[in-house]
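Structure first, commentary second.
The values are calculated or read from the model by the stated rules, or taken from the named source; none is laboratory data. Treat the numbers as computed from the prediction; the structure is a model and nothing was measured. Every residue, glycine among them, receives a Cβ derived from its backbone with ideal geometry; neighbour counts consider all protein chains shown. Heavy atoms of the whole protein, side chains included, go into the accessibility calculation; ligands, DNA and RNA do not. Shrake-Rupley method; radii C 1.70, N 1.55, O 1.52, S 1.80 Å.
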Amino acid sequence: MRTTAGCYSSTYNLLIAFAIYQGQIRAMLHSVRAYLLTLVAICIVLATCAFAFLAAGAVETSQKRAEAQTLETAKVLSQAVDRELQHSIGVLTALRESRAANRQEWSILDQQARAAINGNTDTWIVVQDRSGRQLVNTRLPKGAALPRGAAPQHMWGELQSGAQRVCDLVEGQLEKHVVCVDAAIGPSRQFAISMMFRPQFFESIVRREGVSEGSIATLVDSNARVIWRNPGGLAYVGRQATGDMLEALQAGRRTGVLESTTLDGVRVLSAIQQSPLS
């Protein structure tokens, strides 16, 4: 009996020892599993953070690239418009300093002005005196009766120094809206010669500079009124900028990038570049 009991006791002890050992293994496996799960979770968190960091960096880089491209496009367009205006100033300077202008030979000056325009239907030249009497108007057939209308007094004040001026968008006598470049004739500044532009004149500049599809190019005057917008054209001429863009223009901001809302209510990334000439 003792032998049997002794053997039973040993077996029981072995079973207990095995059970304890198995429990330790399970506990260890559980601990390892928990460790691995924790390690995996940490790796996932780190990977997510790294991805978020890289994504944020990519977004920031893309944003900066878009801002730089938009601002560069605005600068290119501003320079292109100024080149056209500078060319017009050169034409007016040549005409106002001509012999015909000095001798007030208006019919000869009319011929010279028509040759300078060279058939461009979006541009014409007008000569008038301080009373508003027109002496040359290449917009009309030669010999036609010329309209009469006094130019704004501030124009004569600005021309008194002999410098040229670029006007804001104004109502024309023959066109609903015009933009002009003006210069005085003679030492007494008794006459003014002007290059007049229909808003459509500026469309070719925008197209030539290759503004990408999906972008909006807008020219505005010093009163923040639209001279030309591509796309949209005449539907926007004369409308005033609004919201963030209007605030930036009224604040005298010369250049920069901002988020604004278009006249159609679309939120966009915008760039401003003020013309140093006009």
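Accessible area per residue, 1.4 Å probe, Å², for the stretch 144-278: what's the number? Mind dumping the intermediate values first?
Details: 6930 Å² over 135 residues.
I get 51 Å² per residue for this part.
The figure for Ile216 is an accessible area of roughly 80 square angstrom, using a 1.4 Å probe on the protein chains alone. The stretch 100-128 and the stretch 158-172 have their alpha-carbon centroids 18 Å apart. Packing order of peptides 259-269, 90-100, highest average first: 90-100, 259-269 (average count of other Cβ atoms within 10 Å over each peptide's residues). Taking the 1.4 Å solvent-accessible surface of the stretch 67-213 as the whole, the part contributed by carbon and sulfur is 48%. Taking all protein chains as they are arranged and a probe of 1.4 Å, the heavy atoms of Arg254 leave approximately 130 Å² accessible to solvent. Measuring only protein heavy atoms, the 1.4 Å probe finds Leu140 accessible over about 40 Å².
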